[in-house]
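The values are calculated or read from the model by the stated rules, or taken from the named source; none is laboratory data. Just so you know, these numbers come straight off a predicted model, no measurement behind them. Cβ coordinates were reconstructed from backbone atoms using ideal geometry, including for glycine residues, and neighbour counts include every protein chain displayed.
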Amino acid sequence: MNAPARDLHASPRSDWTREDIAALFDLPFPELMFRAATVHRAHFDPAQVQTSTLISIKTGGCPEDCSYCTQSVSNPTGLKATKLMEVEAVLTEARAARDAGASRFCMGAAWRGPKDKDLETVCAMVEGVKALGMETCVTLGMLTAPQAVRLKQSGLDYYNHNLDTSPEFYRHVITTRAYQDRLDTLEHVRDAGISVCCGGIVGMGESRQDRVGLIHALATLPAHPESVPVNALVGEDTRAVESSAKIDPLEFVRTIAVARITMPKSMVRLSAGRQEMSEETQALCFLAGANSIFCGPKLLTTPNPLADSDRQLFEKLGLSPMKLPCTA
Ligand code: SAM
Ligand code: DTB
Ligand code: SF4
């Protein structure tokens, strides 16, 4: 076992090397799970799982060519493009999500980046959702520094912007924006004082080395993202789905475990892909240190487990929804 265990109470490291991370991925599964579960317990109650609800406030017709995305015009999925929702309609959905137990409401728009006029509408949504007592998160594509400051003024808690994959594999996934563009947006968000939600997708035909590269890029950011969503590729009729085999469930669990060990204080979110996952795989993800999920029947455009089946799963596993305020 080449990956040395670290002092659990040391402050989170930002100097991980690719070799360190590859060595973690290579650990025998029981050792990897033990280490991840130990790190998880040092910072969180492993029986508590934070729940967020997603809503697509502007769907489809996106000019970016992300090969995995059902909302890109480069993937003719037949998805109907919509206009930006009205503020009141969004608040009605937020109330329902809160009453169903979600502590965070995440609003996603299929944009390359927001126009300033649309940003004002999103800011009104953020203010309204905050007034309901929920945490807020938005994902609107690339942001300029002043746009990030404007979102902060509206009270936004989190901005989701993913690195998606390793720097090397990135060009196989998206050509209309660069990895550096993503890093720039993350810097604007962090500088504005908004918490960062940043992760990626696995199962797009990338290699183990690319998964190592993704975790390395996340764990060596100037500060670890407060939330790290790990998505398994979902959807139909996209170029990524057509050209890649499904990720092996145990490799997905390993990715969660390595994210937990390298970013010990972050919320690690078991994100897209739960609908296709067995209860056993989800249980292994929670053992590996995942402590957040999306709840509700839909992600942005694709299905997610129904509230009842998540309730049953939580009951079987003795898990409970994390109470606000959570630590991230
Ligand atoms: N347009 C914005 C952007 O790209 O930042 C916001 C929305 S986008 C849907 C947010 C993230 O969701 C993507 O970066 C990607 O990591 C994830 N995602 C999108 N489509 C996915 C899919 N089909 N399967 C898994 N994850 C997906
Ligand atoms: C993230 O990393 N995963 C969520 C959220 N951030 C916005 C999105 C998942 C989208 C899955 C595909 C869909 O439903 O369109
Ligand atoms: Fe557009 Fe975001 Fe989808 Fe890329 S991931 S096509 S930027 S909505």
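Key figures for this structure:
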| quantity | calculated |
| --- | --- |
| Answer residue from the range 57-78, given it is surrounded by fewer than 19 Cβ atoms within 10 Å (Cβ to Cβ) and touching a Gly at 6+ places or on another chain (Cβ under 8 Å) and is modelled with the lowest pLDDT among those | Thr77 |
| Leading residue by the ranking (farthest from Gly61 (Cα to Cα)) among those in the range 109-150 that are of a type in the set (Val, Ile, Thr) and within 14 Å of ligand 3 (Cβ to nearest atom) | Val138 |
| Single match in Arg150, Arg104, Arg177, Arg112 (criterion: more than 15 Å from ligand 2 (Cβ to nearest atom), buried (at least 17 other Cβ atoms within 10 Å of the Cβ) and within 21 Å of Thr301 (Cβ to Cβ)) | Arg177 |
| Residue in the range 242-252 that is closer than 18 Å to Val49 by Cα and among the small types (Gly, Ala, Ser) present | no |
| Top-ranked residue in the range 307-327 [being part of a loop (DSSP other than H, G, I, E, B) and either in contact with a His (Cβ under 6 Å, 6 or more places away or on another chain) or at pLDDT 95 or above (or both); ranked as nearest to Val49 (Cα to Cα)] | Leu319 |
| Residues satisfying the stated conditions in the range 108-129, i.e. aliphatic (A, V, I, L, M) and more than 24 Å from Cys69 (Cβ to Cβ) | Ala124, Val129 |
| Single condition Gly235 does not satisfy, out of (1) on the phi > 0 side of the Ramachandran plot; (2) touching a strand residue (DSSP E or B) at 6+ places or on another chain (Cβ under 8 Å) | (2) |
| Of all residues making up the range 176-225, the number that are touching a Cys at 6+ places or on another chain (Cβ under 7 Å), free of Cβ contacts under 8 Å to residues at least 60 places away in the same chain and outside any loop (DSSP other than H, G, I, E, B) | 2 |
| Residues (exposed (fewer than 15 other Cβ atoms within 10 Å of the Cβ) and among the hydrophobic types (A, V, I, L, M, F, W, C)) located in the range 125-147 | Ala131, Leu132, Ala145 |
| Leading residue by the ranking (nearest to Met263 (Cα to Cα)) among those in the range 170-220 that are touching a strand residue (DSSP E or B) at 6+ places or on another chain (Cβ under 8 Å) and more than 16 Å from ligand 3 (Cβ to nearest atom) | Leu218 |
| Answer residue from the range 22-49, given it is touching a strand residue (DSSP E or B) at 6+ places or on another chain (Cβ under 9 Å) and either of a type in the set (A, V, I, L, M) or modelled with pLDDT under 95 (or both) and is farthest from ligand 3 (Cβ to nearest atom) among those | Ala47 |
| Single residue of Asp99, Asp157 found to be within 16 Å of ligand 2 (Cβ to nearest atom), out of contact with any Leu (no Cβ under 7 Å at 6 or more places or on another chain), under 28 Å from Leu306 (Cβ atoms) and of a type in the set (D, E, K, R) | Asp157 |
| Positions within the range 263-293 being in contact with a strand residue (DSSP E or B) (Cβ under 8 Å, 6 or more places away or on another chain) and of a type in the set (A, V, I, L, M), in sequence order | Met263, Met267, Val268, Leu270, Ala272, Met277, Ala290, Ile293 |
